[in-house]
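The values are calculated or read from the model by the stated rules, or taken from the named source; none is laboratory data. Quantities reported herein were computed from a predicted structural model and do not represent experimental measurements. Note that we place each Cβ from the backbone using ideal geometry, even for glycine, and neighbour counts take in every protein chain shown.
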Amino acid sequence: MQTLLRQIPKTDKLLCALNTVLNAPNQTLLKKLTAEFLESYRQSLLQGGEILSLESCVNCIAKNYQNATQKSLKSLINATGIIVHTNLGRSVFSQEILQEIAPLLTRYNNLEYDLQKGARSERYIHLQGLFKALLNAEDVLVVNNNAAAVFLIFNTFAKDKEVIISRGELIEIGGSFRIPRVMEDSGAILREIGTTNKTHLKDYENAICENSAMLFKAHKSNYAINGFTEEVEFEELTNLAKAKNLIDYYDLGSGYFSLLESQLGDFEPSLEKIAALNPSLVSFSGDKLLGGAQAGIIFGKKALIDKLKQNQLLRMLRVDKFTIAALEATLNAYLQGKIHKIPTAFMLLKDTKILQQEAEFLAKEIPSCFSPKVIPTKSYSGGGAMPNHYLESFGVAFYAKDLNTLNLNESKLEKYLRKNGIIARLENSALILDMRTLLEGESKRIVESFNALLKGTQCTQI
Ligand SMILES: *Cc1c(COP(=O)(O)O)cnc(C)c1O
């Protein structure tokens, strides 16, 4: 036994070898990994495991070091056709805008400084002019995300007071955001009205009492009720709230500017249309259809936004210069009609004919033994916007029966592509690459992956 354990290399010897193999490694981490390796090697020998050469030991520890120092967040190719894909980082941020704002982020700036007065100022004013110009909104406030916006608004205006909401809108969205729970935690009292499928204006009217604070509408982001249904439009709610001297608040979820109306206008109103109703408060996400950075954007009456600013909670929910700079530049692109700068908007508006041409080009470049076929597909805006609404698109499909000859099937192919950073869609025994969500240069990377698979260099990984 002792002679067996004597086979274990000395720590110093291993560290010395590792320091020549690895490029300036972190010594603390290297020592920890070496100790861990030696301990498991010892256990393995005691249980009759095989003796390893010094080189194998070094390689093994070096590999563990490389795994431990690899970055976890990786860029991916989204070929699912879902534009605002929550699992894949929501909306893609603009390369062009990132370059534009880089000097603001890597230097000092006037985030909270008034250059005229030479005095302290407020970070939110950088967005005020834009919201005035785009939506004629009195004022705007930005918090960490839309969930925070909802919480802040309830907590400020409805603590121990009733918020009236339709039973058809008591939503839960991904990441465990549930309206009833948010309301409870914010201190607001939930006053649910109507039924799951039908709520009438008179239900709101009948529920109003001296303890009512707010008429609230939540966008049914990720589901739809079809059939025998009725809901009250926000316009009617706004009018009722005005007549009864209550606050009307619409949690819009996504929200889009009218430049995208040609694609989305039939399904729900644009931000401009909602703003024209002169609502008390509206909130939406910065990284859904808007295509900016993660944020909860609140716009509406100045007197109410001033009250929100006085809530201590805002100090905990406030956004930093990254968010303000990203939103300012994104909104400025909308204001100037420079939609091509915003990938989410660009993808939404992309012409089906162009997508077809791109699919045909991709299918031609992929080795023919994979039998790529150009097919019409349905892509989705995603991000909890318009669950029933799809956009006509084109894709390249691979069918199980054709892949058989290569000793592949659609799920093996999906796994291979995924390991190569390409996220595809599986649908009815086929793997589909939807063109709508591909960014510049990504078709080329897809072709390279297929070529590599064919060469068999990575076949063993499957
Ligand atoms: C997405 C969504 C939210 C949450 O927004 P985040 O920006 O993810 O916090 C809240 N309400 C509705 C209706 C939504 O669709």
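Assigned to a loop (DSSP other than H, G, I, E, B) and surrounded by fewer than 12 Cβ atoms within 10 Å (Cβ to Cβ): does that describe Q99?
no
Here are some residues: I77, I51, I61. Which one is of a type in the set (A, V, I, L, M, F, W, C), modelled with pLDDT under 95 and surrounded by 11 or more Cβ atoms within 10 Å (Cβ to Cβ)?
Just one listed residue meets the conditions, I51.
Would you be able to say whether some residue in segment 37-45 is more than 17 Å from N64 (Cβ to Cβ), at pLDDT below 95 and loosely packed, with under 12 Cβ neighbours inside 10 Å?
So in segment 37-45, the residues more than 17 Å from N64 (Cβ to Cβ) come out as 45.
Narrowing further to those that are at pLDDT below 95: 45.
With loosely packed, with under 12 Cβ neighbours inside 10 Å added as a condition, the list becomes none.
Within segment 37-45, not a single residue is more than 17 Å from N64 (Cβ to Cβ), at pLDDT below 95 and loosely packed, with under 12 Cβ neighbours inside 10 Å.
Could you count how many residues in segment 102-124 are under 26 Å from the mean Cα position of the chain (by Cα), aliphatic (A, V, I, L, M) and not in a loop (DSSP other than H, G, I, E, B)?
Filtering segment 102-124 for residues under 26 Å from the mean Cα position of the chain (by Cα) gives 102-106, 111, 123-124.
Okay, now just the ones that are also aliphatic (A, V, I, L, M), so 102, 104-105, 111.
With the extra rule that they be not in a loop (DSSP other than H, G, I, E, B), the set shrinks to 102, 104-105.
Count: 3.
Can you work out which of the residues in segment 345-402 that are assigned to a loop (DSSP other than H, G, I, E, B) and within 16 Å of the ligand (Cβ to nearest atom) is modelled with the highest pLDDT?
Per the stated criteria, the residue is H389.
Hey, could you check segment 230-253 for residues that are surrounded by 23 or more Cβ atoms within 10 Å (Cβ to Cβ) and hydroxyl-bearing (S, T, Y) and say which is nearest to S393 (Cα to Cα)?
Taking the candidates together, the pick is Y250.
Within segment 307-318, is there a residue that is buried (at least 19 other Cβ atoms within 10 Å of the Cβ), more than 20 Å from E205 (Cα to Cα) and among the basic types (K, R)?
Scanning segment 307-318, I find no residue that is buried (at least 19 other Cβ atoms within 10 Å of the Cβ), more than 20 Å from E205 (Cα to Cα) and among the basic types (K, R), so the answer is no.
Consider L438 carefully, then state whether it is surrounded by 21 or more Cβ atoms within 10 Å (Cβ to Cβ) and out of contact with any Ser or Thr (no Cβ under 9 Å at 6 or more places or on another chain).
Yes.
Regarding segment 142-152, can at least one residue be identified that is part of a strand (DSSP E or B), of a type outside the set (S, T, Y), assigned by TED's automatic domain parsing to the domain that holds N110 and modelled with pLDDT of 95 or more?
yes
Give segment 341-372 a look and list any residue that's closer than 16 Å to M435 by Cβ and among the polar types (S, T, N, Q), or say none.
Across segment 341-372, the qualifying residues are T344, T352, Q356, Q357.
Sort through A224, A213 and tell me the only one that's under 17 Å from D248 (Cβ atoms) and surrounded by fewer than 22 Cβ atoms within 10 Å (Cβ to Cβ). If you could, list the steps in order and put the result at the bottom.
Details: A224 fails: under 17 Å from D248 (Cβ atoms).
Among A224, A213, only A213 is under 17 Å from D248 (Cβ atoms) and surrounded by fewer than 22 Cβ atoms within 10 Å (Cβ to Cβ).
For segment 252-268, which positions are without any contact (Cβ under 8 Å) to a residue 40 or more places away in the chain and under 19 Å from G286 (Cβ atoms)?
Scanning segment 252-268 gives L252, S258.
Keeping to segment 155-182, report how many residues are within 12 Å of the ligand (Cβ to nearest atom), of a type in the set (A, V, I, L, M, F, W, C), touching a strand residue (DSSP E or B) at 6+ places or on another chain (Cβ under 8 Å) and not in a strand (DSSP E or B).
Total meeting the criteria: 3.
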